[in-house]
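For reference, the structure is listed below as structure tokens.
The values are calculated or read from the model by the stated rules, or taken from the named source; none is laboratory data. In this text, all values refer to a predicted model and were calculated from it rather than measured experimentally. Cβ coordinates were reconstructed from backbone atoms using ideal geometry, including for glycine residues, and neighbour counts include every protein chain displayed.
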Amino acid sequence: MKKTKLIAVIICVALVALTLSLALSACNKVDPNDPKTIVVGASASPHAEILNTIKGKLKEQGYDLVVKVFDDYITPNTALDEGSLNANYFQHTPYLNNFNDKYNTDLAAVEKIHYEPFCVYGKNVDKADYDSKKTGRTILIPNDGSNLTRALFVLQDEGFITLADDATPDKDLTVNDIKDTKGNTINPLEANLVSITLDESDDGTIAVINGNYALQDGRKIENALGVENAQGDAAQLYANVIAVKKGHENDAKIKALVDALKSQEVIDFINKTYGGAVVPTFTL
């Protein structure tokens, strides 16, 4: 009899726990179709951090900004295309265009917000060693089309490789477009693995790392061995954008999101927080 009562109590407790869990999930669920809810996918740093600074401003306008953090470059675009996000903020336009072509999505850039210079970091490599030894390195780079292209041009500017004569920044290059590796070994990896892999590599290895992953791993631009040349068109070409599914560029809440981001407060936050690793590209 006592055993039966004990089982009944356990079942009741389990049912109560399940009910509370379901209720909590329902409360936490966000609806991107709610006209007063803005659901944005973002990389943890700097994108989510920048978005979090404008939550109060949007709240004053009657909007709830929900920031969903992603640690890769594919899921936030597929989520946007499938409709679980209203916008995302993590990529530049060349990457977006490449993604649309590769995955048959229909996403559009709405506004350029900031630029993150690509930087070269090393595993136990100081600046003197970096500047004097341009051969025999293992070099890690991101493997997706536009970012691989960008990394190859950084390596050419830094003297580690020579690209083919017809290689241009508007093309999606591969390692086959390297005319001369100068004795270096180029290893393309998923962008989110480059920084982590560098930490696990042999001494002397260097890596060209996307700005957001460098920030997430605590790397500082002042410690970089080489920095992408931001002169000319680089800052605008590789500016990170607010992206939406095509046809939603003029939605009221997307306009509110962009207007909130294009503010002096965001400029001040970026300049104060990132020390040159993130640069505002919009004008007021």
For this session: Return yes when F90 is touching a His at 6+ places or on another chain (Cβ under 6 Å), at pLDDT 95 or above and outside any loop (DSSP other than H, G, I, E, B) and no when it is not.
Result: yes
Seminar exercise, completed: The residue that is surrounded by the fewest Cβ atoms within 10 Å (Cβ to Cβ), considering only those in segment 243-266 that are of a type in the set (A, V, I, L, M, F, W, C) and under 19 Å from the mean Cα position of the chain (by Cα), is V258
Exercise. Is it the case that segment 179-190 has a residue that's buried (at least 20 other Cβ atoms within 10 Å of the Cβ) and in contact (Cβ under 8 Å) with a residue 60 or more places away in the chain?
Worked result: no
Exercise. If T162 passes every condition in (1) in contact (Cβ under 8 Å) with a residue 24 or more places away in the chain; (2) of a type in the set (S, T, N, Q); (3) in contact with an Asp or Glu (Cβ under 6 Å, 6 or more places away or on another chain) but one, which one does it miss?
Worked result: (1)
Exercise. Within segment 85-129, restricting attention to residues that are polar (S, T, N, Q) and over 18 Å from the mean Cα position of the chain (by Cα), which residue is surrounded by the fewest Cβ atoms within 10 Å (Cβ to Cβ)?
Worked result: N104
Seminar exercise, completed: Among the residues of segment 191-236, the number that are part of a strand (DSSP E or B) and buried (at least 19 other Cβ atoms within 10 Å of the Cβ) is 5
Problem set entry | Residue count for segment 237-273, restricted to those that are hydroxyl-bearing (S, T, Y) and in a helix (DSSP H, G or I) | 1
Exercise. Taking helices (runs of 4 or more DSSP H) that fall entirely within segment 44-87, which contain at least 1 residues that are under 20 Å from E190 (Cβ atoms) and among the small types (G, A, S)?
Worked result: 75-82
